[in-house]
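The values are calculated or read from the model by the stated rules, or taken from the named source; none is laboratory data. Note that this is a predicted model, so its numbers are computed, not measured. We place every Cβ from the backbone using ideal geometry, glycine too, and count neighbours over all the protein chains shown.
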Amino acid sequence: MEMQRLFIAIDLPDDLRTALSVARRQLQKKLAGYPLRWAPIENMHLTLKFLGDTDPARIDAIVRELNQVASRHHAFSVSVGGLGVFPDAKRPRVLWIGIRDDERRLQQLAADVDRALAKSGWPREKRPFSGHLTLARVKKMARNSERRALGERLATLCGYEKLGVLPVAAFHLIRSQLQPDGAVYTDLARIPLLRK
């Protein structure tokens, strides 16, 4: 069987997608002329772990591991807002909206997912988890001067500190199929957290 590109993520509610859509339209106007490729709002999600190419025969075992993880975590919420870039403002590659995880519950959930899947052979994450929603990527052909100018321009923008709340009641195992006009996502499993 053909390998499948998988990741684990939290889905966004419609009201948050609407707020992100409004913010993205405003930012597209303010950042017109910069070499950005904007992410489609309907595909937006909060990634907990990217698994990459996976043998479909392993999916049932992954879902069992994820259900074990979910049985240790109660549902919670985080607030969404604030603009940022990876890796830094001098050479941005990704423009994102931040997640405020004051109680570190999202971080604990992501770490638990990472630990559980490491037992099944997936490599541990090298970087600490940083919850974010990708709004846009800087085009690969962008010159260093354009990247620096974009970083400087972003530093002047405000008004995106509070876009909404993301309730985390479940997470999903998702298949990503790369197509010429972008990725197509298929939900393979919904894994609910414990109710409060």
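Is one or more of the residues making up the range 70-84 of a type in the set (A, V, I, L, M), modelled with pLDDT under 95 and surrounded by 12 or more Cβ atoms within 10 Å (Cβ to Cβ)? It would help to see each step written out before you state the result.
Here is the first cut: in the range 70-84, the ones of a type in the set (A, V, I, L, M) are 70, 75, 78, 80, 83.
Then keep just the ones that are modelled with pLDDT under 95; that gives 83.
Add one more test, that the residue is surrounded by 12 or more Cβ atoms within 10 Å (Cβ to Cβ), and what stays is 83.
Yes - at least one qualifying residue is present in the range 70-84.
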Mind telling me which of the residues 95, 109 ends up being part of a strand (DSSP E or B) and over 22 Å from residue 53 (Cβ atoms)?
-> 95
Just give me the residues in the range 156-181 being more than 16 Å from the chain's Cα centre (by Cα), within 21 Å of residue 39 (Cβ to Cβ) and either modelled with pLDDT of 95 or more or surrounded by fewer than 17 Cβ atoms within 10 Å (Cβ to Cβ) (or both), in sequence order.
-> 157, 159, 161, 162, 177, 178, 179, 180, 181
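I need the full set of residues from the range 37-63 which are of a type in the set (Gly, Ala, Ser) and buried (at least 19 other Cβ atoms within 10 Å of the Cβ), in order please.
Residues of the range 37-63 of a type in the set (Gly, Ala, Ser): 39, 52, 57, 61.
Correct list: 39 only.
Can you tell which of 143, 190 is over 19 Å from the mean Cα position of the chain (by Cα) and among the basic types (Lys, Arg)? Before the answer, list the steps.
Details: 190 fails: over 19 Å from the mean Cα position of the chain (by Cα).
So the residue among 143, 190 that is over 19 Å from the mean Cα position of the chain (by Cα) and among the basic types (Lys, Arg) is 143.
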Based on what the data block shows, is residue 66 assigned to a loop (DSSP other than H, G, I, E, B), touching a residue at least 60 places away in the same chain (Cβ under 8 Å) and either surrounded by fewer than 15 Cβ atoms within 10 Å (Cβ to Cβ) or touching a Leu at 6+ places or on another chain (Cβ under 7 Å) (or both)?
-> no
Note on the range 9-61: residues in contact with a strand residue (DSSP E or B) (Cβ under 6 Å, 6 or more places away or on another chain), among the β-branched types (Val, Ile, Thr) and either under 17 Å from residue 98 (Cα atoms) or assigned to a helix (DSSP H, G or I) (or both) are 10, 47
Criterion violated by residue 106 - all others in (1) over 17 Å from the mean Cα position of the chain (by Cα); (2) buried (at least 16 other Cβ atoms within 10 Å of the Cβ); (3) not small (Gly, Ala, Ser) satisfied = (1)
Could you check how many residues of the range 121-157 are of a type outside the set (S, T, N, Q) and assigned to a loop (DSSP other than H, G, I, E, B)?
-> 16
